[in-house]
Number of protein chains: 2
Amino acid sequence: MTEEEFLRGYNIGDYERPSVTVDVAAFGVSGEKCESYRKDGNKSISLLLVRRGCHPFKGCWALPGGFLRPGETVEESAFREIKEETGFVPRSLMPIGVFSSSGRDPRGWILSNAFVSIVGEEGVRASGGDDADEARWFRCSLDDEGGGFFGLSLSSGDISLRARLERTAVLFGRSQFRIADGGGLAFDHALIIATAFSILRGVAENFDVLFDFLPEKFTLSSLQKVQESILGVSLQPANFRRKVERFVDETDEFQGGAGHRPAKLFVRKARR
Amino acid sequence: MTEEEFLRGYNIGDYERPSVTVDVAAFGVSGEKCESYRKDGNKSISLLLVRRGCHPFKGCWALPGGFLRPGETVEESAFREIKEETGFVPRSLMPIGVFSSSGRDPRGWILSNAFVSIVGEEGVRASGGDDADEARWFRCSLDDEGGGFFGLSLSSGDISLRARLERTAVLFGRSQFRIADGGGLAFDHALIIATAFSILRGVAENFDVLFDFLPEKFTLSSLQKVQESILGVSLQPANFRRKVERFVDETDEFQGGAGHRPAKLFVRKARR
DNA sequence: CAAATAGTGTCTCTAAGACAATATCAC
DNA sequence: GTGATATTGTCTTAGAGACACTATTTG
């Protein structure tokens with residue numbers, strides 16, 4: 001039998017297939033506005049969630065996402081979904097894994113390809129599109145409770161969600177979690193969020209990763225703030241600048257109007 | 001409508017779904033045997049391929065892999081497939097991404113979840129199982145040809161394959177490739193292999209990753225050899241030992257019988 | 001003893017961290 | 001001028017790389 005003959009007789013529908021979705025954990029680093037017009041907001045990190053407008057988990061908060069469509073790559077699908085549900089087009093999306101345990105979706109055999117993005121909180125419209133009726137930023141933290149357990153806290157105004165995860169292993173430098181308490185989030189999204197956050201922390205010291213989330217031109221302070229928000233630390237500007245100078249080129253442009261000395265804009269140094 | 005009512009009326013078959021496969025790039029670091037009985041083999045890295053026993057790409061060399069089955073996670077599926085096709089059970093499998101571009105499989109809409117493993121070349125049986133009729137180690141290298149092109153060379157005895165990839169981007173520290181010439185490999189496996197190899201190079205300096213590929217007890221030389229094989233460099237034993245000592249604990253056991261001073265066995269230091 | 005790998009000691013140099021000081025803007 | 005961030009300089013110290021040396025095994 002030739003390959004052509006084989007393909008003529010091959011029917012892909014003869015085999016059981018899963019459905020495939022994408023979910024996007026979009027983290028924002030802009031921080032809350034401050035009392036003083038010229039003081040920067042505190043370093044903080046937040047996560048974009050949408051309230052589900054239809055079953056299952058109707059009314060629950062969830063990551064923006066949806067089903068992969070024929071002819072799309074998973075990356076294209078992730079960009080489409082976050083745009084549809086939040087109106088925002090992220091600069092880039094980092095894949096963080098496939099979630100495929102059975103029972104993760106009550107509708108049946110459904111895998112999720114998860115992505116992470118870092119975005120400014122501006123540009124995301126308050127209310128979502130078709131299958132999500134609201135999009136909101138939640139202040140986000142993942143705290144080590146000891147004994148292998150971690151608490152995932154998400155809060156936005158009067159809404160407060162808290163999930164608990166158990167760390168089952170650390171493989172290839174990545175924590176593997178199991179949901180102890182989903183905290184009211186849809187599907188296994190507590191697991192995806194915890195995984196996303198811990199991966200982001202693990203790679204945030206890598207400038208190659210951070211640059212892909214930033215605009216083309218940026219100030220060194222903004223870069224520093226992104227790193228500080230993700231890692232939850234405070235860095236000395238002098239040391240930070242010295243560490244990063246190998247990776248950036250300065251431009252002639254400045255960013256002013258902030259009530260203090262204007263900051264020079266930098267671009268990522270061309271790859272060696 | 002309640003969620004129960006929704007789920008009763010929901011038919012997952014109403015929507016188009018892809019088929020989902022797993023593919024495993026298993027790299028071996030043992031190197032060829034040497035002329036002298038007591039000299040170590042040269043540092044080299046090889047890749048396990050199987051010759052496809054059925055259509056499509058019948059007779060072509062391919063990564064071990066196959067279709068995801070209901071009730072399996074993609075990780076479980078990857079372990080099952082490599083065991084079925086090569087008889088080998090790797091210590092662990094690192095996920096490296098989902099390949100989902102349309103046209104990557106002539107049978108239709110089929111995604112592949114790819115994994116990497118590092119194994120000793122012992123323990124892999126020469127001939128494969130059901131849907132693969134032969135498994136072989138190929139010497140493997142990925143060379144920068146300049147102009148954004150890379151050559152992927154695979155050779156095993158009289159068989160020699162050479163594929164060409166074009167680097168289209170570097171995102172999150174990972175090279176993105178496009179196949180310029182598949183080199184006779186099945187499907188888009190040239191792309192998967194190049195991606196796997198370049199990711200492995202990127203993370204090989206991270207001991208957390210290397211330990212997950214090694215046996216529980218190992219000599220520092222073997223750890224050094226793994227790193228040298230992947231990175232394609234030669235390291236000073238003194239410096240290597242100093243660098244790694246924070247991450248390992250020594251045991252009372254030794255590995256001897258090699259015609260020279262026996263080496264102490266080490267274990268990975270317990271996580272802080 | 002010879003050959004090979006296992007393992008140690010020491011020097012240099014780079015780069016990260018601490019911390020102090022100066023520069024420049026909007027108001 | 002005031003208050004804020006932007007930017008630079010210097011001292012100290014941890015760690016990576018180079019390299020010479022010693023230790024221990026099998027044949």
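The values are calculated or read from the model by the stated rules, or taken from the named source; none is laboratory data. Quantities reported herein were computed from a predicted structural model and do not represent experimental measurements. Because the Cβ atoms are built from the backbone with ideal geometry, glycine has one as well, and the counts that use them run over all protein chains shown.
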Might you check whether a residue that is touching a Lys or Arg at 6+ places or on another chain (Cβ under 9 Å), buried (at least 20 other Cβ atoms within 10 Å of the Cβ), modelled with pLDDT of 95 or more and assigned to a strand (DSSP E or B) occurs anywhere in segment A:116-130?
-> no
So B:Gly173 fits all but one of (1) more than 12 Å from every other protein chain (Cβ to nearest Cβ); (2) more than 13 Å from DNA strand C (Cβ to nearest atom); (3) on the phi > 0 side of the Ramachandran plot; what number is the exception?
-> (1)
Considering (1) crowded, with 17+ Cβ neighbours inside 10 Å; (2) assigned to a loop (DSSP other than H, G, I, E, B), say which one B:Ile199 fails and leave the rest.
-> (2)
Which residues, counting only those in segment A:2-44, are modelled with pLDDT under 80 and within 14 Å of chain B (Cβ to nearest Cβ)?
-> A:Gly13, A:Asp14
Which of the residues that make up segment B:243-272 are near DNA strand D (Cβ under 6 Å from one of its atoms) and closer than 12 Å to B:Gln224 by Cβ?
-> B:Lys243
Go through segment B:90-105 residue by residue and tally those that are more than 7 Å from chain A (Cβ to nearest Cβ), at pLDDT 95 or above and over 12 Å from the mean Cα position of the chain (by Cα).
-> 3
For segment B:219-236, name all the residues that are within 12 Å of DNA strand C (Cβ to nearest atom), touching a helix residue (DSSP H, G or I) at 6+ places or on another chain (Cβ under 7 Å) and within 25 Å of B:Ala270 (Cβ to Cβ).
-> B:Leu220, B:Leu223, B:Gln224
Can you tell me which residues in segment B:238-261 are more than 7 Å from DNA strand C (Cβ to nearest atom) and within 12 Å of B:Ser221 (Cβ to Cβ)?
-> B:Phe240, B:Val244, B:Gln255
Pairs with Cβ under 6 Å, 6+ apart, first in segment A:229-248 and part of a helix (DSSP H, G or I), second aliphatic (A, V, I, L, M) and more than 8 Å from DNA strand D (Cβ to nearest atom) | A:Ser229/A:Val29; A:Ser229/A:Ile45; A:Ile230/A:Leu200; A:Ile230/A:Ala204; A:Leu231/A:Ala204
Within segment B:58-89, track down each residue that is more than 11 Å from chain A (Cβ to nearest Cβ), among the hydrophobic types (A, V, I, L, M, F, W, C), surrounded by 15 or more Cβ atoms within 10 Å (Cβ to Cβ) and in a loop (DSSP other than H, G, I, E, B).
-> B:Leu63, B:Phe88
Would you check if there is a residue in segment B:171-191 being part of a strand (DSSP E or B), surrounded by fewer than 18 Cβ atoms within 10 Å (Cβ to Cβ) and at pLDDT below 95?
-> yes
Determine whether segment B:217-227 contains at least one residue that is closer than 30 Å to A:Leu93 by Cβ and buried (at least 19 other Cβ atoms within 10 Å of the Cβ).
-> no
